[in-house]
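Written out below as structure tokens is the structure these notes cover.
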Amino acid sequence: MINTLGQTIVGDAKVNCLMDIKYNGPGSITYVSDSPNVYSGNIGIEIRGSTSASYPQRPYGIETRDANGANNNVSILGMPAENDWVLLSNFNDRSLLKNLLAFKLFGEMGNYSVRAQLCEVLIDSAYKGIYVIGEKIKRDANRVNISKLTAVDTLGDELTGGYILQQNYWNGNNSFQSAYSPIDHPGFDVHFVYEYPDEFAIQSAQKEYIAAFIDSLETALYSPDFSDPVLGYRNYMDVKSFIDYFLVNEVSRNADGFKKSVFFNKNKYSKGGKLNAGPVWDFDWAWKNIGGTCSYYEGYTGAGWAHRNNDCNTDNYSTGWYVRLLQDSTFSNELRCTYEQYRQTVLDTTYLFAYIDSMGALVQNAQARHFQKWHILGISGPCPDYGTVATSYPAELDSLKRWIGIRIQWLDANIPGLCTASGATETTLSPVLNCYPNPANDYFYMDYDLPTAMKVSWHLYNYLGATVISSAPTILSAGKHSSRLETANLSPGIYILHFEIGTVVISQKIVVMD
């Protein structure tokens, strides 16, 4: 609930206002009349975004402040304490969850991803609908965790990081131009916007350094030795982050994902120093068939590569880096293997659809208020729909699930590369799993740590190879887990435990029963 104190919220400067946030927890209704129990205090607020700033449901940037107008780091809805927050509009997203779904996937792949959730907003007591409240992308120990770069950091290792760059609308003051054009579009100009430090804080030496780094990366990428692990692009790029970024934006076939709201970050040399792709951002032009823009986003077969959007009539040119990266068979094979792994976990359609259904249940009451305020069901919005539009919220979620199923089916057949990874060995993968006590008697425990959400199962075999204990595949969240296996009915002897991720055995253990 925002109180403007009679002021007009504008887009070029934050105005001082008041904000209350109230939330009674999962399964409980929060009423407008309830007392604020999350936040109550001062904020600066402005209209944010470019295209979305013109939508009737406007997005906002918020800065939590103290009574004197200074930054006030606070924790909001369980998110780590900070002072910069966003309220993202859902006017262009009838499902209300396209951004949240993308943020969730990138995070569960093991990357920092924006923390966010849905909320309802009132401004001066006027209902404004359902928004996404979340973290602004910025350098912070709990956000983009790279080194702080100050005005005096102009020499040596301090100069090398950290930086955040963005591809987006640019001008001559807030960006620099690449010396290269995309490999398949000679003459296209590519620009990188200074996100951190921004155009007002970045020093001349820092501008020169980061531009030179990007130039070295692209020189290696476009050289004859580009695929060489020593001489090529791998010296400059964190490959896993680029694969994860590619997959989230291609699974969603994000029309903006490779040309606008594209973030990169780089830590200092002593802390790795490579360019990372991400965090992911801005998915209201994704997860659907889009008409009138480019054939890559139309049709009903799930086809089309978003990373090829320089072939379209685009409003900002992509780097086109993935076109070159996919010419490296090693990169393509890594991409294919990563995709196949995620298809067993975070890209499993059962898992995705369960999340969509859970969000639908969460907003079952609030969505009616939202669509009463914004009459956008059944209507093609700012992002033009290709085909019919659902006329109810449940039907909208069904449309989203149907689209995802078709898109993933196409990707299953078309993701380039060949995954030929052999089965894991005891020597290389046993540390993934700890079994105790061993020897065991009536039971034993398995402890394991998952880097991302994964579909896991385990099978215990006797010396003849017969299964004596087996678990159904279950998707578990990232983090530490412990499972107890009851073995009181087993005969003394030697048993083999297989621990599986998806259909791949990633750890084998010998367990002795006394």
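Values as computed for the structure displayed
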| quantity | calculated |
| --- | --- |
| Euclidean distance of C-alpha centroids, the stretch 222-238 and the stretch 41-58, integer Å | 41 Å |
| Simple label model, 7 Å out from Cα along Cβ direction - residue 491 to residue 30, nm | 6.0 nm |
| Spin-label zone in the stretch 111-142 - amide nitrogen under 15 Å from a point set 7 Å from the Cα of residue 377 along the C-beta vector | 130 |
| Förster radius 41 Å - calculated FRET efficiency between residue 469 and residue 148, Cβ distance, rounded to 0.05 | 0.20 |
| Point-charge dipole on Cβ atoms (K/R +1, D/E -1) for the chain, about Cα centre, debye to 20 | 620 debye |
| Cα-based convex hull volume of the stretch 426-513 per residue, rounded to whole Å³ | 90 Å³ |
| Principal axis box of the stretch 156-328, alpha-carbon based, largest edge first, Å | 53, 38, 29 |
| Packing-based exposure ordering (other Cβ within 10 Å, fewest first) of 295, 113, 227 | 295, 227, 113 |
| Acute angle (nearest 10 degrees) that the helix 204-221 long axis makes with the longest principal axis of the chain, alpha-carbon atoms | 50 degrees |
| Modelled FRET efficiency - R0 56 Å, residue 12 with residue 459, Cβ distances, 0.05 increments | 0.35 |
| Spatial separation of Cα centroids for the stretch 138-216 and the stretch 62-78, in angstrom | 28 Å |
| Cα-projected label distance for residue 366 with residue 124, points at 7 Å along beta-carbon direction, nm | 2.4 nm |
| Inter-label distance, nm, simple model (7 Å from Cα along the C-beta direction), residue 4/residue 313 | 3.6 nm |
| Ordering of 354-364, 401-411 by burial proxy (mean other Cβ atoms within 10 Å per residue, highest first) | 401-411, 354-364 |
| Percent RCO, i.e. relative contact order, over the chain, from Cα pairs under 8 Å lying at least 6 residues apart | 11 percent |
| Residues 373, 104, sorted so that the one with the fewest Cβ neighbours within 10 Å comes first | 373, 104 |
| Using θ = phi - 60° and Karplus 6.51 cos²θ - 1.76 cosθ + 1.60, couplings along the stretch 138-151 (whole Hz; Gly, Pro as x) | 7, 6, 5, 4, 9, 10, 7, 8, 10, 5, 6, 10, 10, 5 |
| Helix 393-414 vs. the chain, principal-axis angle (Cα, 0 to 90°, nearest 10) | 60 degrees |
| Overall Cα dimensions of the stretch 2-135, principal axis frame, Å, largest first | 42, 33, 28 |
| Cβ crowding within 10 Å averaged over residues, with 142-151, 196-205 ranked highest first | 142-151, 196-205 |
| Coordinate range along principal axes, alpha carbons of the chain, Å, largest first | 78, 62, 50 |
| Cβ-isolated cysteines (cut-off 4.7 Å), the chain | 17, 119, 383, 435 |
| For a label point 7 Å along the Cα-to-beta-carbon line of residue 201, residues of the stretch 135-153 with backbone N under 13 Å | 137-141, 144, 146-153 |
| Local net charge near residue 54, Cβ-Cβ under 14 Å (Lys/Arg +1, Asp/Glu -1) | +1 |
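A short reminder: the numbers here are calculations on the coordinates, not readings from a lab. Because the structure is a prediction, the values reported are computed rather than measured. All Cβ positions, glycine included, derive from the backbone under ideal geometry; neighbour counts span all protein chains shown.
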